[in-house]
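J.: Pasting in a structure now, in structure tokens, and then I'll have a few things to ask.
The values are calculated or read from the model by the stated rules, or taken from the named source; none is laboratory data. Just so you know, these numbers come straight off a predicted model, no measurement behind them. Cβ: placed from backbone, ideal geometry, glycine included. Neighbour counts: every protein chain shown.
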Amino acid sequence: MTVWGRILAAGAGSAALLAGALAFQFIGGLAPCPLCIWQRCPHVAAVVIAVLGVTVLARHYRPLAVLGALAMLIDAGLGLYHTGIERGWWQGPDTCTSSSITDLSTDQLMAQILGAPLVRCDEVAWEFLSLSMASWNAVISLCLAGLWLALAVRAPNPYDSSSASQ
């Protein structure tokens, strides 16, 4: 596969994950929680990086590949963080998780209910093979990070006349 094909594959992986998330949201009716939205941002960045890597900044694909890998590692971290919240391994942000109702007065309980987020980060909305969407996002993002890193480290430079073009 050529350097450009590898860049396009990495960008297409992120585009596919974004398309899947949007399909689950708008076709499947699964509203995203705040952490789900955060996990989309690095994929948008990776798609932009891929487009830049095959167009205007093609000669500088190695630093772009490092940025693509960084974006995917950040996304994998967000996915693992979200997975930990879903599994109850740690507490998530107060803006998208529920808190204890012990020792609350009736007024405090009512305020907590009314102020609760519509979609909570600590509930698994969909799962496949015992992995949530956040878990799958982390796994696939790690694979995409590996693809970006391989491109940054091992891909021959097509602009270098001494290297063989692949």
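J.: Out of region 22-38, which residues are part of a helix (DSSP H, G or I) and within 19 Å of residue 85 (Cα to Cα)?
T.: First pass over region 22-38, keeping only residues part of a helix (DSSP H, G or I): 22-26, 34-38.
Matches in region 22-38: 34, 35, 36, 37, 38.
J.: Out of the residues in region 1-52 that are surrounded by fewer than 19 Cβ atoms within 10 Å (Cβ to Cβ) and of a type in the set (Val, Ile, Thr), which is farthest from the chain's Cα centre (by Cα)?
T.: Residue satisfying both the conditions and the ranking: 2.
J.: Now, a different point. Go through the residues of region 48-61 one by one and say whether even a single one is outside any helix (DSSP H, G or I) and in contact with a Leu (Cβ under 7 Å, 6 or more places away or on another chain).
T.: Within region 48-61, one or more residues are outside any helix (DSSP H, G or I) and in contact with a Leu (Cβ under 7 Å, 6 or more places away or on another chain).
J.: If we scan region 48-61, do we find a residue that is among the small types (Gly, Ala, Ser) and modelled with pLDDT of 80 or more?
T.: yes
J.: Could you tell me whether residue 125 is buried (at least 16 other Cβ atoms within 10 Å of the Cβ), at pLDDT 70 or above, of a type in the set (A, V, I, L, M) and assigned to a loop (DSSP other than H, G, I, E, B)?
T.: yes
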